[in-house]
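Let me begin by presenting the structure, written as structure tokens, before commenting on it.
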Amino acid sequence: MTDRSEPARRSARAARDADMARVERLARLLDSEFRVPGTGLRFGLDGLLGLLPGVGDTATLLMALYLVAEARRLGASFATVLRMLFNVVLDWLVGLIPFVGDIFDFGFKCNRRNVDLLRRDLRRRRY
């Protein structure tokens with residue numbers, strides 16, 4: 001039986017917590033880093049870069065896919081990864097539609113949703 005020692009478990013937990021913090025920081029940067037002055041409305045690079053037709057949405061697609069890859073590396077279930085991919089593809093496809101996509105980008109917060117999915121999945125699986 002290969003039971004890990006308490007220091008090894010603490011070290012693994014600390015590494016996982018650091019990875020989650022990094023994923024959460026990126027999601028915040030993409031979805032809610034900035035605030036419209038005088039309002040509670042928040043937006044991130046996804047909304048800003050989405051204003052650049054095609055190029056911006058594709059750039060943020062790549063960053064969102066990185067978050068999905070990190071989720072898989074952290075041990076997210078296949079079902080959670082599929083849900084995350086659905087959110088990413090939906091955000092990208094709708095984001096390509098002029099004006100409608102820009103409004104959608106400011107409201108949908110794909111990356112925040114995905115981090116919440118990941119956190120719930122890992123908590124449920126006790127990682």
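In table form, for the structure just shown:
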{"quantity": "Fluctuation leader among Arg83, Arg13, Arg25 - the chain, Gaussian network, Cα springs under 10 angstrom", "calculated": "Arg13"}
{"quantity": "Charge context of Val94, other residues only, Cβ under 14 angstrom, K/R +1, D/E -1", "calculated": "-3"}
{"quantity": "Restricting the stretch 95-127 to trypsin sites (Lys or Arg not before Pro) in coil, as DSSP defines it, with at most 10 other Cβ within 10 Å", "calculated": "Arg126"}
{"quantity": "Packing rank of 34-42, 58-66, 93-101, where each peptide gets the mean count of other beta carbons within 10 Å, highest leading", "calculated": "58-66, 93-101, 34-42"}
{"quantity": "Of Ala69, Ala18, Ala27, the one that fluctuates the most in a GNM where the chain has Cα springs shorter than 10 Å", "calculated": "Ala18"}
{"quantity": "Å² per residue, accessible surface of the chain at 1.4 Å", "calculated": "60 Å²"}
{"quantity": "Gained length - Arg35 relative to Ser11, 0.36 nm times residue gap less alpha-carbon distance", "calculated": "5.0 nm"}
{"quantity": "Candidates Glu33, Glu24, Glu70: whichever shows maximal mean-square fluctuation once the chain is modelled as a Gaussian network with Cα springs under 10 Å", "calculated": "Glu33"}
{"quantity": "Carbon and sulfur %, accessible surface of the chain computed with the full protein complex present, 1.4 Å", "calculated": "65 percent"}
{"quantity": "Residue-count net charge about Gly107 - beta-carbon cut-off 13 Å; Lys, Arg +1, Asp, Glu -1", "calculated": "-1"}
{"quantity": "Mean ellipticity per residue at 222 nm, deg cm²/dmol - from DSSP H runs of n ≥ 4 across the chain, formula -39500 (n - 2.57)", "calculated": "-24000 deg cm²/dmol"}
{"quantity": "Base-10 log of normalised Debye intensity for the chain (one unit scatterer per alpha-carbon) at q = 0.12, 0.20, 0.21 Å⁻¹", "calculated": "-0.49, -1.06, -1.14"}
{"quantity": "Net charge of neighbours whose Cβ lies under 14 Å from the Cβ of Leu52, counting Lys and Arg as +1 and Asp and Glu as -1", "calculated": "-4"}
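The values are calculated or read from the model by the stated rules, or taken from the named source; none is laboratory data. Remember, it's a predicted structure, so these values are computed and weren't measured experimentally. Cβ sites come from the backbone with ideal geometry, for glycine too, and all protein chains shown count toward neighbours. These area figures cover heavy atoms from the full protein model, side chains too; ligands, DNA and RNA do not enter into them. Shrake-Rupley method; radii C 1.70, N 1.55, O 1.52, S 1.80 Å.
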